[in-house]
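Quick one: structure below, then a few questions.
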Amino acid sequence: QQQVKQSPQSLIVQKGGISIINCAYENTAFDYFPWYQQFPGKGPALLIAIRPDVSEKKEGRFTISFNKSAKQFSLHIMDSQPGDSATYFCAASIATSYDKVIFGPGTSLSVIP
Amino acid sequence: DAGVIQSPRHEVTEMGQEVTLRCKPISGHNSLFWYRQTMMRGLELLIYFNNNVPIDDSGMPEDRFSAKMPNASFSTLKIQPSEPRDSAVYFCASTHGGLGQETQYFGPGTRLLVL
């Protein structure tokens, strides 16, 4: 029940296209859903996050869509660029959990010219 | 701020040797997390501390692994004795904590190779 599922495992998108990564969770106590981006040789870094009181959050080319009833959320990267090539992790946490985060298995995104 | 600092960045050791990984969290952060990342198992949470106190060590794989946080600015993860299957990248992360400040700031990682 603590698991966060993520798909696809890998994704290849052409430059300018839309990248979509999907995640699902079971624990309805989760109340914070961040996405982390990791470049090769670096640690993960927060990209964007959402709370379940909103259905969508947009920051630049990155948008999180959140469906509370389906217990699903997704990351959309518009106008994907080669510089977006990285591994993306969705995650979930509970406010009272000392900020412990449950990470999904990750999606390796490659944006080709 | 310099961010989360980890040392060493790379470690190559032989099976059976003791390995100590070090982490300095961001000043003022209340929680510290140790993760292990491999291709096979992804990003695994090993242990985390809040205000220097270990909260949950259920992710520590075996008794060979131990972690300490003697003060707010320093933590260690020790593997004794090390085994080839411990080869991975080990990350330390810290958070300020509290609503709106849940972001985990990761260090650059320690790449460990056990021969």
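Quick check for the protein assembly as shown: number of Lys pairs with alpha-carbon distance under 14 Å, counting only pairs 8 or more apart or on different chains? Display every interim value, and only then the final one.
Working: A:Lys5/A:Lys71; A:Lys57/A:Lys68; B:Lys24/B:Lys68; B:Lys68/B:Lys78.
Lysine pair count for the protein assembly as shown: 4.
Continuing with this model, one more query. Run the paramagnetic zone check for B:Glu62: 7 angstrom along Cα to Cβ, then residues of segment B:1-28 with backbone nitrogen under 20 Å.
B:11-21, by backbone N distance to the label point.
Right, here's the next one. First check a/c for chain A, with a ≥ b ≥ c the square roots of the eigenvalues of its C-alpha gyration tensor; if it is under 1.5, answer rounded, and if not, answer prolate when a/b is larger than b/c or oblate otherwise. Spell out each step's value before the answer.
Working: a/c = 1.94, a/b = 1.60, b/c = 1.21.
Prolate, because a/c is 1.5 or more and a/b exceeds b/c.
If you bin every alpha carbon distance in segment B:49-115 into 5 Å steps from zero, what whole percent lands in each bin?
Calculated P(r), rounded to whole percents: 3, 13, 22, 26, 19, 10, 4, 2, 0.
While we're looking at this one, here's another question. Output ³J(HN,Hα) for segment A:79-92: one whole-Hz value per residue in order, computed from phi by the Karplus curve 6.51 cos²θ - 1.76 cosθ + 1.60 with θ = phi - 60°, and x for Gly and Pro.
Once rounded to whole Hz, the list reads 6, 4, 10, x, x, 7, 4, 5, 9, 10, 10, 8, 7, 8.
With springs only between Cα atoms under 10 Å, which of A:Ser74, A:Ser19, A:Ser55 fluctuates most in a Gaussian network model of chain A?
Of the options given, A:Ser55 has the highest mean-square fluctuation.
Something else about it: Over chain A, what percent of the accessible surface lies on carbon and sulfur atoms, probe 1.4 Å? It would help to have the intermediate numbers written out before the result.
Numbers: 2770 of 5470 Å².
That fraction is 51 percent.
Specify the inter-centroid distance of segment A:1-71 and segment B:72-98, based on alpha-carbon positions, in whole Å.
Computed from Cα coordinates, the inter-centre distance equals 25 Å.
I've got another one for you. Taking a probe of 1.4 Å, how large is the accessible area per residue of segment A:11-101, in Å²? Don't skip to the end; give the middle numbers.
Working: 4150 Å² over 91 residues.
In whole numbers, segment A:11-101 has 46 Å² accessible per residue.
Quick one: Cα convex hull volume of chain B, Å³ per residue?
Working: hull volume 11.0 nm³, N = 115.
Normalising the Cα hull of chain B by residue number yields 96 Å³.
Taking chain B as a Gaussian network, Cα atoms linked when under 10 Å apart, which of B:Ser31, B:Ser66, B:Ser94 shows the biggest mean-square fluctuation?
Looking only at B:Ser31, B:Ser66, B:Ser94, the biggest GNM fluctuation is shown by B:Ser66.
A further question on this structure: Using a 1.4 Å probe on the protein chains only, how many percent of the accessible area of chain B belongs to carbon and sulfur?
Details: 2910 of 5710 Å².
Of the solvent-accessible surface of chain B, carbon and sulfur hold 51 percent.
Averaged per residue, what accessible area in Å² does chain B show with a 1.4 Å probe, protein chains only?
Details: 5710 Å² over 115 residues.
Roughly 50 Å² per residue, with all protein chains present.
Let me ask another. Does segment A:35-100 come out rounded, prolate or oblate by the C-alpha gyration tensor, with a ≥ b ≥ c the root eigenvalues, rounded set by a/c under 1.5 and, if not, prolate when a/b is larger than b/c and oblate if not? Present the calculation step by step, with values, prior to reporting the outcome.
On the way: a/c = 2.46, a/b = 1.28, b/c = 1.93.
Oblate shape, in that a/c is at least 1.5 and b/c is the bigger or equal ratio.
Here's a follow-up. Roughly how much accessible area, to the nearest 100 Å², goes out of reach of solvent when A and B pair up, both sides summed, probe 1.4 Å?
So the total buried area for this chain pair works out to about 1600 Å².
Please report, in whole Å³, the volume per residue of the convex hull around the C-alpha atoms of the protein assembly as shown.
Numbers: hull volume 28.1 nm³, N = 228.
Cα-based convex hull of the protein assembly as shown, divided per residue, equals 123 Å³.
Per residue of A:83-91, what is the mean number of Cβ atoms on other protein chains within 10 angstrom of that residue's Cβ?
Working: counts 0, 0, 0, 0, 3, 0, 2, 0, 2.
Whole-number average of other-chain Cβ neighbours for A:83-91 is 1.
The values are calculated or read from the model by the stated rules, or taken from the named source; none is laboratory data. Note that the structure is predicted; figures quoted are calculated from it, not measured. Cβ coordinates were reconstructed from backbone atoms using ideal geometry, including for glycine residues, and neighbour counts include every protein chain displayed. Only protein heavy atoms, including side chains, enter the accessible area calculation; ligands, DNA and RNA are left aside. Shrake-Rupley method; radii C 1.70, N 1.55, O 1.52, S 1.80 Å.
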